[in-house]
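S.K.: Quick one: the structure is below, questions incoming.
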Amino acid sequence: MTRIPEDPAGVFPDPATITVDGQSRPARAGESVAAALIADGRAAWRETRTGGKPRGVFCGIGACFDCLVTVNGETDVRACLRQVCDGDEITTTAPEVSARPPRVPAADVSVPIVVVGAGPAGLHAALAAAGAGARVLLLDSNPRGGGQYHRQLPESFRASRPEKAHPGQAEAAALLARIAGHELIEHRPNTTVWAAEAAEPALRPGGSNPAEAGEAGHVLHTTTGTVRAERVVLATGAYDRAVPFPGWDLPGVYTAGAAQALVKGQRVRPGSRMLVGGTGPFLLPVASGLLAAGVKLEGVLEANRPAGGWLRRPGILASAPSKLLEAAKYNLTLARHGLRVANGQAIVAVHGSRRVEAATVARLRPDWTIESTRTVEVDAVAIGYGFTPQLELAIALGCSAGAFVDVDSQQLTSVPGVYAAGELTGIGGAVLSAAEGRIAGLAAAGAVPDQRAARTRGRYARFATALAEIYPVRDGWQSWLDETTLVCRCEEVSYQTIRDTVTEHAVTGTKTLKLCTRAGLGWCQGRVCGRNVADLTGLPAADHRPVASPICLGDLAGA
Amino acid sequence: MHSDVAIIGAGIIGAATAYELARAGVSVTVIDRGALAGGTTSGGEGNLLVSDKPPGAELDLARDSLRRWRELDPGDIELEPKGGILVARSPEAAKALAELTATHREAGVDGRDLSLSELAEREPHLTRDVAGAAYYPEDSQVQPVLATAALLTAARRLGATLLTGAAVTGIEPGRAVRTASTTVHAGQIVIAAGPWSGEVAKLAGADLPIQPRRGMVLVTGAVPKLVHHKVYDASYLAAVASDDAGLQASAVVEGTPAGPILIGSTRERIGFDARIRVEALRVLAQGALGLFPSLAGVKILRAYGGFRPYAPDHLPVIGEDPHRPGLWYATGHEGAGIGLAPATGALLAALMTGGVPSVDPVPFSPARFG
């Protein structure tokens, strides 16, 4: 709830003054509006449409839309993505009519290769393709490259020791410098791809000439203009999965990714006394980052009991030595604070009137049903139950996908000319993403495959498979819910409504359920609730979202 | 399995027909290859319109249907008598619109000419660049998937059976419908498979001239009540009546009880091509902004498409196949199926059980195709 005092990252941000509901408040130029509001002592700044419930940051990386706010008259702006400018007028109640945001100058371009996403996979794909002599356009929705893993502080923070915010900063800085310095790579930040489709040259007379259009097989519609490309490398990454529990929509419940983004990218503490819970090794860097930021942690709770799983897979840890080292480092940080990961435990409820005041921590049985509980006083919690890939662009381009995008040994999807790399094809961390990105970039450029990258991918892919097996999300979480627990946060649809609708109307289809209950029809379009509804009902999750990111009607009309 | 009637298609038309038959004491099995309301019904806005139908057989069906929708009340289906507003953007269009309201009034439809100040009062955010407007208070809306679910649940409570996930593999008119896992023996078979009705009819050896007519809809995020009625450009009437296969677009904008604004409408005959094309979305956005310029800052959350069941003469096909006794059709409603469903179900039920139809069945008879 406060900025990190005497910040070891040595930040010297330009001060900015914003108004919040007419009151002048201090902020930092370049930080996110969400960070400014949280640092100003707010956990929530919006009320839900039907239930009047308070909402603030939840996912922290643009997937959930909980943090919507009005900025300079433009309604429904994601506070976690919007950067503060001096003089911004923030209001927590929306005007009747939204102001249209200033238009971003847009130019239509045709390129041989476009890479979407500047995380580890996208950065390496761009470098590999450019290294093979191809011209590359690298699109990224963030102001700075790096993605979630190599998240960079805002440039305007002028950090003297950014490595204190991100342990892998040296590697990240080198990588981004190579991108910036490469004459064949154009890196376009602040660019969101809101739709993708196969090129249909006949439909747009006056566009590129037919011969050229025939080669430019794919069209990406972005917030900075239309991009036609022969080859597309999708590296759109993933966001945290959160399973619901009573109170999980209270302000002060953050995804692990949100907590990390606030600390690592904004230098703001999401709480002063916190719990970290969920499953998977990602909880470790999040806990470690919170500790380094001066947050008091009351526990780090791993719902699974992974020791047995690792023991049954001797050699797997040795196949990914960097992972082992990382984990040891994080565990050491925890130990220095008198903490160790509590296995077989989870946050199964949080309590509070307008924000988190306490949490119920449960000791779980192996199937995740509750064995016993205790109450812990905290003012925030961070939860992470693995990751959900951002599949919409891949699906829009026609790529075959199940839970992840299907790719071959060259990272080629089922659609000619479309490659996928990174978390989109399976959750395996930055090293695997980088290797996949390099393979995809080389293949897209038609270059000779890199055997070393292929070997790295092989080893880390085995590691990723082991991770998925050792840290599954087990069905017992469903027993944590009570009837009123919201499953769909956007449209405020309860567990009871979903269960009763399926039974009463004999619903056997995902779309039918969605349209009967509105679960998944709201701002986040099922990004947060989709997997959970699927688990609760046994109906498949649907990731078909032809509008991949909200776009103003005026921009769509002029696109 | 045995039942008196087997209905193929668990969309709004199949649901309404099942409900009417079940109410009449007939045993019914509804069969669908997917889930209930998983096809055309889920792609519709739920229009119950009289304003877009010139006096004639379809208007009679629509008025009968509207009355039935109000009486049905099968639970919460978001039935909203929001009223329709037609906007003419040129003096010629305004003249044609005034003629339409006059003929509607003669036919007993409440169609009112609106002055520009009355229009501004009803729709404050509408463009002032308007040559004429009309108001149809009877125009209404339901949430089509909720309505279908409610009707099917009501039918099941009256003894009907619902078989979902069961693709039909064979039809013997007057005898049975086969699926991969079961055979439903039924003396009467109804094909209510929307735009897929032609393909289904082939299984019975019949040639039914139903084609898909593609449509797309844009949906905004939840906003305050900015659009109060179903507002549409009077050119919509020409687009509906057109036989052109190419992309036709006319602006249709409406608010919904849940908050989002729905923006239509496109029509094109491109087969069952389910892709969402940005070019079509762009045209929809331009049309909506033409009517409501102040929506420029409103955010579009999603877009969806559907296939309307298109009959070459734009009239629904309701009745028995003249050459195949025991085989019935209820399709071809194009974009009006939600609105026309209850009257369609009631008409079929009356024809099948020897009851008295409340509208003239002749114009809808499949016999017109020879």
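S.K.: Please state the relative contact order of chain A as a whole percent: Cα pairs under 8 Å, 6+ residues apart?
M.R.: Values: 1302 pairs, mean separation 89.9, N = 559.
16 percent.
S.K.: Per 0.36 nm of contour for each residue apart, how much would the distance between A:THR373 and A:THR19 grow if the chain were fully extended, relative to their Cα-Cα spacing?
M.R.: Values: separation 354, 0.36 × 354 = 127.44 nm, distance 4.33 nm.
Full extension from A:THR373 to A:THR19 adds 123.1 nm.
S.K.: Can you give the extra length, in nm with one decimal, that the chain gains between A:ARG273 and A:ASP406 once fully stretched, where that is 0.36 nm per residue apart less the Cα-Cα distance?
M.R.: 43.7 nm
S.K.: Give a residue-ordered list of calculated ³J(HN,Hα) values for the stretch A:280-297 (Karplus: 6.51 cos²θ - 1.76 cosθ + 1.60, θ = phi - 60°; whole Hz; x for Gly, Pro).
M.R.: x, x, 5, 4, 5, x, 5, 4, 4, x, 5, 4, 5, 8, x, 7, 7, 9
S.K.: Using the beta-carbon distance between B:ARG112 and A:THR92 and R0 = 41 Å, what value does 1/(1 + (r/R0)^6) give for FRET efficiency, to the nearest 0.05?
M.R.: Numbers: r = 41 Å, r/R0 = 1.00.
It comes out at approximately 0.50.
S.K.: Determine the relative contact order of the stretch A:270-387: mean sequence separation of Cα pairs under 8 Å and six or more apart, normalised by residue count, in whole percent. Write down the numbers at each step before the final one.
M.R.: Details: 219 pairs, mean separation 40.3, N = 118.
Answer for the stretch A:270-387 is 34 percent.
S.K.: What translational diffusion coefficient, to the nearest whole µm²/s, does the stretch B:177-264 have by Stokes-Einstein, given a Kirkwood radius computed over alpha-carbon pairs, a temperature of 37 °C and 0.692 mPa s viscosity?
M.R.: The estimated diffusion coefficient comes to 197 µm²/s.
S.K.: Let me ask something else about it. Classify the stretch B:324-370 as rounded, prolate or oblate from the Cα gyration tensor: take a ≥ b ≥ c as the square roots of its eigenvalues, call it rounded if a/c is under 1.5, otherwise prolate when a/b beats b/c and oblate if not.
M.R.: Judged from the Cα gyration tensor, the stretch B:324-370 comes out oblate (a/c at least 1.5, b/c at or above a/b).
S.K.: Let me ask something additional. Sorting A:LEU175, A:LEU391, B:LEU218 on the 10 Å Cβ count, fewest up front, what's the list?
M.R.: Numbers: A:LEU175 21, A:LEU391 26, B:LEU218 29.
Going from least to most buried by this count: A:LEU175, A:LEU391, B:LEU218.
S.K.: In what sequence do B:THR331, A:THR413 fall when counting other Cβ within 10 Å, fewest first?
M.R.: Fewest-to-most Cβ neighbours within 10 Å comes out as A:THR413, B:THR331.
S.K.: Two decimals, Cα atoms only, Kirkwood Rh: what is Rg/Rh over chain B? Intermediate results must be reported in sequence, preceding the final value.
M.R.: Numbers: Rg = 20.2 Å, Rh = 20.7 Å.
My calculation puts Rg/Rh at 0.97.
S.K.: Same structure again: Using only helices, what value at 222 nm comes out for chain B when you add -39,500 (n - 2.57) per DSSP H run of length 4 or more and divide by the total residues, to the nearest 500 deg cm²/dmol?
M.R.: For chain B, the value works out to -9000 deg cm²/dmol.
S.K.: Moving to a separate point now. Return the loop-located GluC sites (Glu not before Pro) in the stretch A:149-191 (DSSP other than H, G, I, E, B) with at most 14 other Cβ atoms within 10 Å of their own Cβ; answer none if there are none.
M.R.: Sparse-neighbourhood loop GluC sites (Glu not before Pro): A:GLU183.
S.K.: Ok, one more. Using DSSP to define loop residues, name the GluC sites (Glu not before Pro) in the stretch A:470-559 whose beta-carbon has at most 11 other beta-carbon atoms within 10 Å.
M.R.: Of the GluC sites (Glu not before Pro), the ones in loops of the stretch A:470-559 whose Cβ has at most 11 other Cβ atoms within 10 Å are A:GLU483.
S.K.: Assign unit charges at the C-beta atoms only (+1 for Lys and Arg, -1 for Asp and Glu), then state the dipole size of the protein assembly as shown relative to its Cα centre in Debye, rounded to the nearest 20.
M.R.: The calculation lands at about 3100 debye.
S.K.: Also, quick follow-up: Give me B:ASP139, B:ASP321 sorted ascending by neighbouring Cβ count inside 10 Å, so fewest comes first.
M.R.: In increasing order of surrounding Cβ atoms, one gets B:ASP321, B:ASP139.
S.K.: Per DSSP H run of at least 4 residues, take -39500 (n - 2.57); add these up for chain A, divide by its residues and hand me the 222 nm value, nearest 500 deg cm²/dmol.
M.R.: One gets -8000 deg cm²/dmol as the mean residue ellipticity at 222 nm.
S.K.: Evaluate the Debye formula for chain A with equal point scatterers sitting on the alpha carbons, no solvent, and hand back log10 of I(q)/I(0) at q = 0.06 Å⁻¹, in q order, two decimals.
M.R.: -0.28
S.K.: If the elastic network links every pair of Cα atoms under 10 Å, which of B:ILE261, B:ILE210, B:ILE276 fluctuates the most in the Gaussian network model of chain B?
M.R.: Highest fluctuation among the options: B:ILE276.
S.K.: Shifting gears a bit: So for the protein assembly as shown, taking the charge dipole from beta-carbon charges (+1 Lys/Arg, -1 Asp/Glu), which of B:ALA94, A:HIS166, B:ALA15 sits furthest toward the positive end?
M.R.: So the residue we want is A:HIS166.
S.K.: Points 7 angstrom from Cα along the Cβ direction at A:ASP475 and B:GLU279: gap in nanometres?
M.R.: 4.8
S.K.: Under the rule a/c < 1.5 gives rounded, and otherwise a/b versus b/c splits prolate from oblate, where does the stretch A:15-91 land using the Cα gyration tensor?
M.R.: Note, shape of the stretch A:15-91 comes out prolate.
S.K.: Right, another one. Which pairs in the list A:LYS323/A:LYS514; A:LYS264/A:LYS296; B:LYS95/B:LYS299; A:LYS264/A:LYS323; A:LYS164/A:LYS323 are over 28 Å apart, alpha-carbon to alpha-carbon?
M.R.: Over 28 Å apart, Cα to Cα: A:LYS323/A:LYS514; B:LYS95/B:LYS299.
S.K.: Between B:SER90 and B:ARG70, what FRET efficiency comes out of the Förster formula 1/(1 + (r/R0)^6) with R0 = 60 Å and r the beta carbon distance, rounded to 0.05?
M.R.: The calculated FRET efficiency here is 0.95.
S.K.: Next up: Computed from the mean reciprocal separation of all distinct C-alpha pairs, what Kirkwood hydrodynamic radius does the stretch A:270-387 have, in Å?
M.R.: 14.9
S.K.: Further question: Positive end of the dipole of the protein assembly as shown, charges at C-beta (+1 Lys, Arg; -1 Asp, Glu), about the Cα centre: which of A:LEU325, A:ALA349, A:TYR471 has its Cα farthest in that direction?
M.R.: A:LEU325
S.K.: Please list the non-local residues whose amide H lies under 5 Å from the amide H of A:VAL493, H modeled 1.01 Å from N, same-chain partners needing a gap of 5 or more.
M.R.: Answer set, sorted by chain and number: A:VAL487, A:CYS488.
S.K.: Could you calculate the FRET efficiency of B:ILE270 with B:LEU203 from 1/(1 + (r/R0)^6), where r is the beta carbon distance between them and R0 is 25 Å, rounded to 0.05?
M.R.: Computed FRET efficiency for B:ILE270 and B:LEU203 comes out at 0.55.
Coordinate-derived values only; no laboratory data. Everything numeric here is computed off the predicted structure, so don't read it as measured data. Backbone-built Cβ (ideal geometry, glycine too); neighbour counts: all protein chains shown.
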